1. Scaled to the compact-protein estimate 2.2 N^0.38 Å, what is the alpha-carbon radius of gyration of the chain, rounded to two decimal places?
2. Which order results if 75, 208 are arranged by neighbouring Cβ count within 10 Å, fewest first?
3. As a footprinting exposure proxy, order 19, 200 by other Cβ within 10 Å, with the fewest listed first.
4. How big is the dipole moment of the chain about its Cα centre under a simple scheme where the beta carbon of each Lys and Arg is +1, that of each Asp and Glu is -1, and everything else is neutral? Debye, nearest 20, please.
5. Evaluate E = 1/(1 + (r/R0)^6) for residue 115 and residue 209, where r is the Cβ-Cβ distance and R0 equals 51 Å; express this FRET efficiency to the nearest 0.05.
6. Taking a cut-off of 15 Å, what percent of all Cα-Cα pairs in the stretch 12-105 are separated by more than that?
7. For residue 126, put the label point 7 Å out on the Cα→Cβ axis and report which residues of the stretch 14-33 keep their amide N under 18 Å from it.
8. Tilt of helix 100-117 relative to the longest C-alpha principal axis of the chain, in degrees (0 to 90, nearest 10)?
Amino acid sequence: MEYKYTKNDNYEDFASGRVLYHVGGEPTFPVRLALEIYERCLQYSIKKAEISLYDCCCGGAYMLSILGLLKSNTIANLYGSDINSESIQLANDNLGLLTKSGINKRRDELKALYQTYKKASHIDALHSIDRIEELLTREIKTYLFKGNVLEVCDLPFTPDIIITDVPYGNMVEWEEGSGGINQMMNALSAVCGSDTIICVCMDKKQKIHNDIFQRLERQLVGKRKFEIYKKKASEIAWVALYKLFVLIYKHMFGIIIEKECL
């Protein structure tokens, strides 16, 4: 894949476990690829600023944290959900690094590690955290909640962009079986707006079969692939028609009730 929007820079400051928190078994994500995917989604999005970004399989929120730090000029809100409580706790620690208090807490931890073990890696991490702190130029609101992405639920927000790296391979398993990725797309259709852009990162063997969304782009990257989607115009029209029908029905039903009461 050709990178259109992201340079091949040195991203070692953002290596998992260096400054950002990491727990064994939690998946990470290539920094440059995350930035490239976000920019591609932004190109498809009607909205170009004050983005509400959602990761429905956020794990430890590594990708969300990276994007919050490096794309704060266009992101206003970060939302993350995961079915695992321990992952949500890790995500809370990582998203805390988007704040001065979180940075100071992590700096104190790294200083304590250096005092105990005298490792050069801890000195490197302290230099990294100083550079990361310089990226905190604006406040980004963050929200985390426990949830099963395979189940339809009402969310108190409408995401502008959804980017998620779904469970794959032997690292993590879908609890609901191999059809999980398509169940996820069905569930996401209920929370997407007409202009929401969705990017799903997955193993090459995983396939999305869904009639609600149209695929805008598909790219292979090593052992991974990502696909970008948006709701089909026909689906948007049917949803709008259904909402109009419900509105008319409620209005007529309300009038009937009022007359009966009189």
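All of the numbers you see were taken from the coordinates with simple rules; none came from a lab. Just so you know, these numbers come straight off a predicted model, no measurement behind them. Using ideal geometry, Cβ is built from the backbone for each residue, glycine included, and neighbour counts are taken over all protein chains shown.
1. On the way: Rg = 21.0 Å, N = 262, 2.2 N^0.38 = 18.3 Å.
Rounded to two decimals, the normalised Rg is 1.15.
2. Starting with the residue having the fewest Cβ neighbours, the order is 208, 75.
3. Details: 19 27, 200 24.
In increasing order of surrounding Cβ atoms, one gets 200, 19.
4. Rounded to the nearest 20 debye, it is 560 debye.
5. For residue 115 and residue 209, the calculated efficiency is 0.40.
6. 59 percent
7. Backbone N within reach: 18-20.
8. Roughly 40 degrees, rounded to the nearest 10.
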